[in-house]
1. Looking at region 3-22 only, could you name the residues that are of a type in the set (D, E, K, R) and either buried (at least 16 other Cβ atoms within 10 Å of the Cβ) or in the same structural domain as residue 137 (by TED's automatic domain parsing) (or both)?
2. In this structure, does residue 147 turn out to be surrounded by fewer than 21 Cβ atoms within 10 Å (Cβ to Cβ) and in a loop (DSSP other than H, G, I, E, B)?
3. Touching a residue at least 40 places away in the same chain (Cβ under 8 Å), over 29 Å from residue 149 (Cβ atoms) and either exposed (fewer than 15 other Cβ atoms within 10 Å of the Cβ) or hydroxyl-bearing (Ser, Thr, Tyr) (or both): is that true of residue 285 in this structure?
4. Of the numbered conditions (1) basic (Lys, Arg); (2) under 23 Å from residue 243 (Cα atoms); (3) surrounded by 20 or more Cβ atoms within 10 Å (Cβ to Cβ), residue 198 satisfies every one except a single condition; which is it?
5. Do we find a residue being at pLDDT below 95, in a helix (DSSP H, G or I) and out of contact with any helix residue (DSSP H, G or I) (no Cβ under 6 Å at 6 or more places or on another chain) anywhere in region 163-174?
6. Confirm whether residue 92 is without any contact (Cβ under 8 Å) to a residue 12 or more places away in the chain, closer than 21 Å to residue 127 by Cα and assigned to a helix (DSSP H, G or I).
7. Taking residue 272 as meeting all but one of (1) touching a residue at least 40 places away in the same chain (Cβ under 8 Å); (2) under 30 Å from residue 74 (Cβ atoms); (3) not acidic (Asp, Glu), write down the number of the exception.
Amino acid sequence: MISANLVKELREKTNAGMMDCKKVLTETNGDFDAAVKLLRERGIAKAGAKADRAANEGIITARVSDAANSGILLEVNCETDFVSKNASFQEFVARIADTLAASAAGDHAAAQEVTLDGHRMEDAVKAKVVEVGENLQFRKYVRYDAAAGGVVASYIHPPGKVGVLIEVGTTKAETAGQPTFRELIKDLTLHIAACAPKGLSRDDIPADVVDAEREIYRARLADSGKPANIIENILKGQVNKFFSESCFLEQPFVKDDKSTITQLLEQKGKELGDTLTVTRFVRFGLGE
């Protein structure tokens, strides 16, 4: 019987995956040194030597179901732009995306447990380190399953440095197939990629972030000599400006800054005879 402590000790020494450690310990009848040697022979332990090196390059990619009712966005990192452009690495990331899209993994932790090439995802990535010769990280993963009437869409900005996943709610089934709606979805994802909103609405901006901005503005006005009530009114205006720059629904539309995103949704909703609602979105920037 291989103890959990022995598996843990071998994993800490070699940085190999848990299942790989358990497998070689079983094969060597619990001989720790023989298990280390076996991992090294198989190339699995070598990944540990690269595990602490910075991995800020890589690829962001997405998959959306044919019915557009679910989608995933993920980021896999490597150390250099050279590897990120390598066909083998790109194919590996594509297989990760395809595998996860076909799974039910709802978050990053669950995605790490999905099997690829006979290994847990986390261990499959470590095994690839040996082949690539660089530290690799499966850094981020998000899955959206749309509510009734919801549509999921994605956008990847070439060559995979920025990615967006969005869910937009409708009240009519036929809306999703309309060219006007499809164009709107594309515009919304392009806007998110370009403008990097910090949240959907004011409710998504942490209070401490807003307070910090307010204090910065207050410090700038401290020596202005203006009355306290005037300063407070100026602060309100500055905070509202901060929200309009940070909140997706309040941002001026990147293609027409005379309209906010909220106004754009209302306008397109009227054209389609529907009520459109952005339920949620996520934006990945490579290495962020």
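The values are calculated or read from the model by the stated rules, or taken from the named source; none is laboratory data. These figures come from a predicted structure and were not determined experimentally. Positions of Cβ are generated from backbone atoms using ideal geometry, with glycine treated the same way; all protein chains shown enter the neighbour counts.
1. 11, 20, 22
2. Yes; evaluated as a whole, the condition is true for this residue.
3. In short, yes.
4. (3)
5. The answer is yes; a qualifying residue exists.
6. When the stated conditions are applied, residue 92 does not pass them.
7. (2)
Per-residue answers, yes or no, for (1) farther than 25 Å from residue 193 by Cβ; (2) outside any strand (DSSP E or B); (3) not basic (Lys, Arg):
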{"position": "226", "(1), (2), (3)": "yes, yes, no"}
{"position": "229", "(1), (2), (3)": "yes, yes, yes"}
{"position": "234", "(1), (2), (3)": "yes, yes, yes"}
{"position": "238", "(1), (2), (3)": "yes, yes, yes"}
{"position": "245", "(1), (2), (3)": "no, yes, yes"}
{"position": "258", "(1), (2), (3)": "no, no, no"}
{"position": "262", "(1), (2), (3)": "no, yes, yes"}
{"position": "265", "(1), (2), (3)": "no, yes, yes"}
